[in-house]
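Trainee: One structure follows; several queries about it will come next.
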Protein chains: 2
Amino acid sequence: MLSNSRREQGEFEFLRQLIERLPTGRGVVVGPGHDAARVRTNGKDWLITVDSQVEGVHFERSWLSLAALGRRSFRVAASDVAAMGGSARFALLDCGVPEYLSLPALRRMELALVEEARAWGAYVVGGNLHRSLEVAVSVTVLAEAPRNRVHRSGARPGELVVVTGNLGDAGLCVCLLRARQRCPRALLRRWQLPPRRDRLGRALVERQCVSAMIDVSDGLVQDLHHICEASGVGAEVDAGSIPRSKAYQRLAAEDLTLALSGGEDYELLFTVPPKRLETVQQLARREDVPVTVIGRIVRGNRVTVKQGSRELELERLGFDHFAR
Amino acid sequence: MLSNSRREQGEFEFLRQLIERLPTGRGVVVGPGHDAARVRTNGKDWLITVDSQVEGVHFERSWLSLAALGRRSFRVAASDVAAMGGSARFALLDCGVPEYLSLPALRRMELALVEEARAWGAYVVGGNLHRSLEVAVSVTVLAEAPRNRVHRSGARPGELVVVTGNLGDAGLCVCLLRARQRCPRALLRRWQLPPRRDRLGRALVERQCVSAMIDVSDGLVQDLHHICEASGVGAEVDAGSIPRSKAYQRLAAEDLTLALSGGEDYELLFTVPPKRLETVQQLARREDVPVTVIGRIVRGNRVTVKQGSRELELERLGFDHFAR
């Protein structure tokens with residue numbers, strides 16, 4: 001989140017690497033360092049992931065009802081498996097409960113999460129409740145893996161960079177809420193309930209028309225950098241083409257910072273060989289999901305964003321740890 | 001934990017029921033309300049569970065090193081699948097990290113957890129790190145299910161009640177630490193590193209010599225009550241036969257409170273048809289795990305503890321919500 005200092009973001013990048021460097025072994029098809037792990041047994045593959053929403057870190061209680069928190073928590077976790085083409089089947093709920101939280105409130109949160117999971121075709125099969133200082137909802141999702149595999153590492157020079165939906169709304173919403181400014185209802189709803197992209201994600205993987213895919217949770221530039229790093233390529237993004245909502249354009253005008261780095265968009269970001277673009281567009285129309293070509297994969301290892309012929313200085317926007 | 005008020009324990013019993021009453025469906029062989037859920041796809045069953053260790057709730061930082069916390073966190077979560085005869089294969093780590101925690105300390109915790117998982121035959125395949133106010137380690141374990149199924153609900157009148165290891169050490173350790181009393185090294189180590197009972201649990205299920213099983217996490221009486229409630233039976237426990245360590249007997253003398261209700265023992269508690277007892281004892285010897293017959297399943301729905309001919313008044317020990 002933008003409210004975190006860049007130093008802290010760099011530090012978390014290091015923490016993330018602790019997890020990404022875990023040793024792997026038998027049955028581990030795809031280990032740490034991806035949106036979800038892919039594990040195999042008896043020839044059957046599963047995707048498994050965990051994500052959490054913690055009060056004071058990811059949200060404040062005044063930003064959403066507990067029912068909305070339940071739905072959001074499931075969608076945030078399920079977004080990781082959607083980006084690998086998985087079908088969420090089972091979920092576990094691990095919930096930290098402060099003393100002041102009433103039982104009916106907790107029950108509303110839980111029921112909303114169960115209902116959201118059902119809408120995705122998944123059952124909440126168990127969980128764990130414990131006391132904590134703040135509300136902390138951790139959701140584990142177990143998903144059936146698609147036959148084909150699309151990871152972060154398949155991008156090749158010449159391919160197109162494509163993103164679903166709009167970017168920056170959630171980041172702008174969080175900035176406004178933290179600054180105690182009025183936040184338009186459209187932005188708030190967008191943050192509260194991340195988009196559902198599992199059907200399109202699955203279709204893209206099944207039809208083999210994407211070479212690399214990730215969900216935009218850290219912000220466009222950061223997540224595109226994850227794809228480039230894993231694939232050993234660079235990328236050029238055309239700033240003017242980055243899809244932004246009317247609310248975003250009205251409030252932020254030409255400022256792209258939050259669309260580039262706000263994070264928590266939970267849109268799909270993927271790379272497509274040019275001749276497969278039409279299929280991608282057909283699938284997206286069928287699922288009623290907007291898709292936008294925002295750039296191109298190039299040789300090298302840099303992610304650059306161009307506004308006309310001018311290159312935006314990402315370092316000045318705070319992306320200094322890309323220097324590594 | 002005993003430090004929680006009984007009112008709170010009753011409240012958490014209610015919270016637990018929120019989760020136990022979740023709807024189940026296709027592919028859910030065993031849903032909420034067991035140590036772990038059992039899910040099926042393509043004819044292959046998995047056990048899945050999540051458990052967490054939260055600073056200020058389950059432990060204080062001065063009680064153990066971060067490496068010890070990593071090992072303990074895995075064992076606590078894996079104990080749930082051990083009680084269903086499962087073989088832990090994969091794990092996910094979700095970790096709340098306060099700002100003051102150093103990266104080397106975090107790395108030690110993570111590596112110890114990875115190492116512990118490996119010793120059980122499991123890989124840590126991914127995870128998630130986020131800021132939080134306190135250290136919070138949540139571990140999801142995915143385990144291969146045994147062919148046979150043993151749950152909480154199979155106990156029948158006339159069967160023997162059996163427990164592994166000693167009871168009360170962990171509860172006594174936590175009481176001493178909370179009261180800032182000197183805690184003997186043996187008790188501290190016992191709390192820091194719960195016993196490993198997965199091999200015996202698996203053997204008991206595979207050889208079909210137990211009718212119901214659970215791990216003792218809430219305390220003997222509470223967990224035996226869980227078995228009785230699920231099986232529609234009662235139980236009589238002989239207080240004198242409850243296995244206690246030398247350290248426990250030296251410090252608590254004849255006071256059985258913590259052995260009955262201290263919790264966090266992570267021993268196996270199971271019911272055995274009398275003619276299968278010899279097999280159980282053979283298997284336990286092979287795994288070098290002590291087992292003790294502590295009572296018998298009876299008709300009815302009450303759990304009673306008898307000292308000679310006198311019945312202990314469990315209500316006075318705080319088990320008032322058994323009145324339901």
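Values in this text are rule-based calculations from the coordinates and carry no lab data. Just so it is clear, the model here is predicted, and its values are computed rather than measured. When we count neighbours, we look across all protein chains shown, and the Cβ atoms used for this are built from the backbone with ideal geometry, even at glycine.
Trainee: Net charge near residue B:246, counting Lys/Arg +1 and Asp/Glu -1 over other residues with Cβ under 13 Å of its Cβ?
Mentor: The answer is +3.
Trainee: How many nanometers, to one decimal and shortest first, lie between the label point of residue B:304 and those of its other copies, if labels sit 7 Å from Cα toward Cβ?
Mentor: 8.5
Trainee: Length gain on complete extension for the stretch residue A:29 to residue A:149, per 0.36 nm per residue less the alpha carbon to alpha carbon distance?
Mentor: Difference between extended and current length: 42.2 nm.
Trainee: Starting from the Cα gyration tensor of segment B:70-189, take the square roots of the eigenvalues, sort them a ≥ b ≥ c, and report rounded, prolate or oblate (rounded when a/c is under 1.5, otherwise prolate if a/b is larger than b/c, else oblate).
Mentor: oblate
Trainee: Counting partner chain Cβ atoms within 10 Å of every residue's Cβ in A:115-127, what's the average?
Mentor: The shielding value for this peptide is 6.
Trainee: Still on this structure: Which value in nm describes the separation of the simple spin-label points at residue A:278 and residue B:189, placed 7 Å from the Cα toward the beta carbon?
Mentor: A separation of 7.2 nm, rounded to one decimal place.
Trainee: Per DSSP H run of at least 4 residues, take -39500 (n - 2.57); add these up for chain B, divide by its residues and hand me the 222 nm value, nearest 500 deg cm²/dmol.
Mentor: After summing the helix terms and dividing by residue count, I get -10500 deg cm²/dmol.
Trainee: What order, most packed first, do the peptides A:307-314, B:233-240 have when packing is the mean number of other Cβ atoms within 10 Å of each residue?
Mentor: B:233-240, A:307-314
Trainee: I'd like to compare B:125-133, B:175-183, A:160-168, B:147-155: which one has the highest average count of other Cβ atoms within 10 Å, and what's the full order after that?
Mentor: Taking the mean over residues of other Cβ atoms within 10 Å, the ranking is A:160-168, B:125-133, B:147-155, B:175-183.
Trainee: Something else about it: Highest GNM mean-square fluctuation, chain A, Cα pairs closer than 10 Å: which of A:80, A:255, A:94?
Mentor: Greatest mean-square fluctuation among the candidates belongs to A:255.
Trainee: How well do other chains shield peptide A:85-98, expressed as the mean number of their Cβ atoms within 10 Å of each residue Cβ?
Mentor: Counting other chains' Cβ atoms within 10 Å and averaging over A:85-98 gives 4.
Trainee: Restricting the count to DSSP beta bridges whose residues both fall in the protein assembly as shown, what percent are antiparallel, rounded to a multiple of 5?
Mentor: 75 percent
Trainee: Grab the Cα-Cα distance for residue B:102 and residue B:65, subtract it from 0.36 nm times how many residues apart they are, and report the gain in nm with one decimal.
Mentor: 12.0 nm
Trainee: If you build a Gaussian network model of chain B, linking Cα atoms that sit under 10 Å apart, which residue out of B:184, B:157, B:194 swings the most?
Mentor: B:184
Trainee: Dividing the convex hull volume of the alpha carbon atoms of chain A by its residue count, what do you get in Å³ per residue?
Mentor: In chain A, the Cα hull volume divided by residue count equals 139 Å³.
Trainee: With +1 on the Cβ of every Lys and Arg and -1 on the Cβ of every Asp and Glu, and nothing else charged, how large is the dipole of chain B about its Cα centre, in debye rounded to the nearest 20?
Mentor: 720 debye
Trainee: Calculate the length of the line joining the C-alpha centroid of segment B:194-238 to that of segment B:29-102, in whole Å.
Mentor: 19 Å
Trainee: Another question, if that's okay. Is the C-alpha gyration tensor of segment A:152-323 telling us rounded, prolate or oblate? Criteria: a/c under 1.5 is rounded; beyond that, a/b larger than b/c is prolate, otherwise oblate.
Mentor: Oblate.
Trainee: What average number of partner chain Cβ atoms lie no more than 10 Å from the Cβ of the residues making up B:140-149?
Mentor: 2
Trainee: Mind listing the label-point distances from residue B:285 to the same position on all other copies, shortest first, one decimal in nm, points 7 Å along Cα→Cβ?
Mentor: Output for residue B:285: 7.6 nm, nearest copy listed first.
Trainee: May I pose another question? Jot down the per residue volume, in cubic angstrom and as a whole number, of the convex hull over the alpha-carbon atoms of segment A:249-290.
Mentor: Dividing the Cα hull volume of segment A:249-290 by its residues yields 115 Å³.
Trainee: Another question, if that's okay. By DSSP, what percent of the beta bridges with both residues in segment A:23-144 are antiparallel, rounded to the nearest 5?
Mentor: Percentage antiparallel, nearest 5: 75.
Trainee: Another question, if that's okay. Where does the charge balance sit around residue B:279 when Lys and Arg score +1, Asp and Glu -1, over other residues with C-beta under 12 Å from its C-beta?
Mentor: Taking every Cβ under 12 Å from that of residue B:279, the sum is +3.
Trainee: Further question on the same structure: Looking only at A:123, A:100, A:248, which one moves most when chain A is put into a Gaussian network model with springs between Cα atoms under 10 Å?
Mentor: Looking only at A:123, A:100, A:248, the biggest GNM fluctuation is shown by A:100.
Trainee: Taking the label point 7 Å from Cα in the Cβ direction, how far apart in nm is residue B:241 from each other copy of itself, listed shortest first?
Mentor: Residue B:241 label point versus its equivalents elsewhere: 7.6 nm.
Trainee: Mind checking which lysines have their Cα closer than 24 Å to the Cα of residue A:246? Skip sequence neighbours fewer than 8 apart in that chain.
Mentor: Within the straight-line cut-off, residue A:246 pairs with A:306.
Trainee: If each residue's Cβ is checked for other Cβ atoms within 10 Å, how do A:193, B:64 rank with the fewest at the top?
Mentor: In order of increasing Cβ crowding within 10 Å: A:193, B:64.
Trainee: Follow-up. Starting from 0.36 nm per residue, how many nanometres of slack lie between residue B:250 and residue B:181 once their C-alpha separation is accounted for?
Mentor: 23.4 nm
Trainee: Calculate how many DSSP beta bridges within chain A are antiparallel, expressed in % of all such bridges and rounded to the nearest 5.
Mentor: Within chain A, antiparallel bridges account for around 75 percent of the total.
Trainee: Eigenvalues of the Cα gyration tensor times 5, then square-rooted: what semi-axes does that give for the protein assembly as shown, in whole angstrom, largest first?
Mentor: 48, 25, 22
Trainee: Kindly identify segment B:140-183 as rounded, prolate or oblate by the Cα gyration tensor criterion: order the square roots of the eigenvalues as a ≥ b ≥ c, call it rounded if a/c is under 1.5, otherwise compare a/b with b/c, prolate if a/b is larger, else oblate.
Mentor: Judged from the Cα gyration tensor, segment B:140-183 comes out oblate (a/c at least 1.5, b/c at or above a/b).
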